[in-house]
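Peer 1: Sending over a structure as C-alpha cells; questions will come in a sec.
The values are calculated or read from the model by the stated rules, or taken from the named source; none is laboratory data. Quick caveat: nothing in here was measured; it's all calculated off a predicted structure. Here Cβ is always computed from backbone atoms with ideal geometry, including for glycine, and neighbour counts include all displayed protein chains.
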Amino acid sequence: MPGKFVLKTAKDGQRYFNLKARNGEVLLTSEMYKAKASALNGIASVQANAPNEARYSKQTSKTGKFYFTLKAGNNQVIGNSEMYETEKARNAGIQSVMKSAPGAPTEEVPPGA
C-alpha cells in the first residue's frame, strides 16, 4: 500500500522529502535540494527506482546499527533510511519502501509548519 512523500522546506530554504508509511513512520529521507523542482525530481527518482531490489545498498554503521540507501541508476544516493536495531528490521524497511514508494502521492508542508 502506498505511503506518501512529504516535501518540506528547511530553515535555510533548501527542500527535502521524507517517504512515510501509512502509519506515519519515516521510511526514507532525501538529501537537501536547493530548488523545489529538484526535490520533485528526487521523488520521481525514488518512485522509479524503489521497486528494484538491486538499487538498495545494505549498510552497517560504526555503532553496529543497520540501515540502507536507495540509489538511482547512475549510482547516486537518492534516499537514506533510519537506523535499525536488527538486519531483519532493516530488510523489512526495504520491503516497505519497495511497496510504498511507487504509487505514493506528494504532500507539501508549508514552510515553518
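Peer 1: Within the stretch 19-38, which residues are small (Gly, Ala, Ser) and either at pLDDT below 95 or more than 10 Å from the chain's Cα centre (by Cα) (or both)?
Peer 2: First, pick out the residues of the stretch 19-38 that are small (Gly, Ala, Ser): 21, 24, 30, 35, 37-38.
Passing the criteria: Ala21, Gly24, Ala35, Ala37, Ser38.
Peer 1: I want to confirm something. Restricting to the stretch 39-55 and keeping residues that are touching a helix residue (DSSP H, G or I) at 6+ places or on another chain (Cβ under 6 Å) and either surrounded by 18 or more Cβ atoms within 10 Å (Cβ to Cβ) or basic (Lys, Arg) (or both), which single residue is nearest to Ala21 (Cα to Cα)?
Peer 2: Across the stretch 39-55, the extreme among qualifying residues is Ala50.
Peer 1: Oh, and also: Tally time: how many residues in the stretch 78-105 are of a type outside the set (Val, Ile, Thr) and touching a residue at least 60 places away in the same chain (Cβ under 8 Å)?
Peer 2: The qualifying residues number 10.
Peer 1: Of everything in the stretch 1-53, what is among the aliphatic types (A, V, I, L, M) and in a helix (DSSP H, G or I)? Give them in sequence order.
Peer 2: Scanning the stretch 1-53 gives Ala37, Ala39, Leu40, Ile43, Ala44, Val46, Ala48.
One line per residue, one yes/no per condition, for (1) loosely packed, with under 11 Cβ neighbours inside 10 Å; (2) of a type in the set (S, T, N, Q); (3) in contact (Cβ under 8 Å) with a residue 12 or more places away in the chain:
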position	(1), (2), (3)
Leu19	no, no, yes
Ala37	yes, no, no
Ser57	no, yes, yes
Ser61	yes, yes, yes
Tyr67	no, no, yes
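Peer 1: Name the residue that is farthest from Thr29 (Cα to Cα), counting only residues in the stretch 91-105 that are touching a strand residue (DSSP E or B) at 6+ places or on another chain (Cβ under 9 Å) and among the small types (Gly, Ala, Ser).
Peer 2: Step one: filter the stretch 91-105 for residues touching a strand residue (DSSP E or B) at 6+ places or on another chain (Cβ under 9 Å), giving 91-94, 96-98, 100-101, 104-105.
In the following step, the residues that additionally are among the small types (Gly, Ala, Ser) were identified as 92-93, 96, 100-101, 104.
Details: Ala92: 16, Gly93: 13, Ser96: 14, Ser100: 14, Ala101: 12, Ala104: 14 Å.
Selected residue: Ala92.
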